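Taking it in order: structure first as structure tokens, then the write-up.
What follows is calculated from the coordinates using simple rules that are stated; it is not laboratory data. In this text the structure is predicted, and so the values were computed from the model without any measurement. As a convention, Cβ positions derive from the backbone with ideal geometry for all residues, glycine included, and neighbour counts pool all protein chains shown.
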Ligand code: SF4
């Protein structure tokens, strides 16, 4: 992982960056944890969650000699990411489709799965939802004419490299191209994991900060990537502190999948640091109810307990999460761990994603199956990110049937028609 130096706190932080005033806080003292494998006498950490049963079995099969202290350390998880097909074969019985993807030299998007997330995959089931999201298949090499590398035309709204300014009052600041685990449907696969497009560089970050500083309309900054939570606490704090010096930046958001694929990252030290930069929000990328493990629940609890509002973003994926019952379990489960389901995205037409895209009607069916049938808080906004740079466009099932005289005819969640005396229609009619 030579290129991952900037993501590894166990190595020295980079020396002060030329041209930037970077003062890194001293290293926290190393924690010496007593290593105990036995679940009944776990005293390795103040609040490590009891692992899920699947994870326990996986560890016994593949990492039996690895201590809890290592397993629960995010650096260890990052260093032991599974990144090659030979390694995948060790953990999974690969299907023909998966093996073919591995033998093709021009694999488009890198493979990387943390050992923790690998523990949630079913060894003998290539159709398992979680497995389909991170293990490549040959279909990725099928390119439909409507697909493109940058379907949202973000490059066109990029005033400085790594920063997208599309909406008037907010920007997307891509601070790294690295993720611990790569999703096969990633909208930013043109950048993420490419190791050149968005390489972490002082000049790049400074250009982004300068742009934000010089643009007073920007009141909301979304740190994204890649996954910003793969940065060390020191680097992340450096960025947050610089953003907080800009008076017109009211809100900082972090977009991440770490609580799901690398819950070990949500350390007490990290949240202690994050809470110094409130108001700070977090958007977590969830895909399926099987991701709601004790480890992920504990990570979300730690964030929520420290006052970080949590929202989820989910991409609708064919054969993965495109059923009402799956989505209901996911969104209700998120509510229980204090994450508000925020967006459900129609899958963007990125290259090689045809096997993941559902008809839009499926997304509408899902919203219809949720609205009224569960808490309103558990129903996200279903959106299409308009190709070509249209921005997020919300979609709703047809609840409005039209006007009859002055009445607006509406269909409720049971299909019953209701009349609402519409004041606007009355004004027009009179
Ligand atoms: S976590 Fe986000 S940025 Fe990273 S691969 Fe998945 S979708 Fe892309």
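Taking other Cβ within 10 Å of each residue's Cβ, how do 288, 355 sort, fewest first? All intermediate terms of the calculation are to be shown ahead of the outcome.
Values: 288 22, 355 18.
By the 10 Å Cβ count, ascending: 355, 288.
Below 8 Å between Cα atoms, with a sequence gap of 6+, how large is the relative contact order for the chain in percent?
14 percent.
What is the log10 of I(q)/I(0) for region 227-357, computed with the Debye formula using one identical point scatterer on each Cα and no solvent, at q = 0.23 Å⁻¹?
Debye intensities relative to I(0), on a log10 scale: -1.34.
Where does helix 324-336 land angle-wise versus the long Cα axis of the chain, in degrees 0 to 90, nearest 10?
Between helix and principal axis, roughly 60 degrees.
Arrange the following residues from fewest to most other Cβ atoms within 10 Å of their Cβ: 224, 148. Could the numbers behind the result be given before it?
Values: 224 21, 148 17.
Neighbour counts put them in this order, fewest first: 148, 224.
Looking at the calculated P(r) for region 154-395, what percent of the C-alpha pair distances fall above 22 Å? Please report the intermediate quantities before stating the final value.
Values: 15499 of 29161 pairs.
The answer is 53 percent, as a whole percent.
For a quick check: sort 160, 175 by the number of other beta carbons within 10 angstrom, fewest at the front.
Working: 160 17, 175 24.
Ascending Cβ contact count within 10 Å gives the list 160, 175.
When all C-alpha to C-alpha distances in region 70-156 are sorted into bins of 5 Å, what percent of pairs does each bin hold, rounded to whole numbers?
Bin by bin from 0 Å, the calculated values are 3, 13, 22, 21, 16, 12, 10, 4, 1, 0.
Report Rg (one decimal) and Dmax (nearest whole number) for the chain, counting Cα atoms only, units Å.
Both quantities, over Cα of the chain: 22.8, 80 Å.
Find the all-direction average of the projected area of the Cα convex hull for region 299-348, expressing the result in square nanometres with one decimal place.
Details: hull surface 14.9 nm².
If you wrap the Cα atoms of region 299-348 in a convex hull and average its projections, you get 3.7 nm².
To the nearest 500 deg cm²/dmol, what mean residue ellipticity at 222 nm is calculated for the chain from DSSP H runs of n ≥ 4 alone, each contributing -39,500 (n - 2.57), summed and divided by the residues? Please list the in-between numbers first.
Working: 15 runs with 123 residues, N = 430.
Using -39500 (n - 2.57) per qualifying helix, the result is -8000 deg cm²/dmol.
In degrees from 0 to 90, rounded to the nearest 10, what is the angle of the helix 233-244 Cα long axis to the longest principal axis of the chain?
It is inclined by approximately 40 degrees.
If I model a spin label as a point 7 Å beyond the Cα along the Cα-Cβ vector, how far apart are those points for residue 147 and residue 424 in nm?
4.0
Compute the long axis of helix 53-62 from its Cα atoms, compare it with the longest principal axis of the Cα atoms of the chain, and write down the angle in degrees, 0 to 90, nearest 10.
Taking Cα atoms only, the helix is inclined about 40 degrees.
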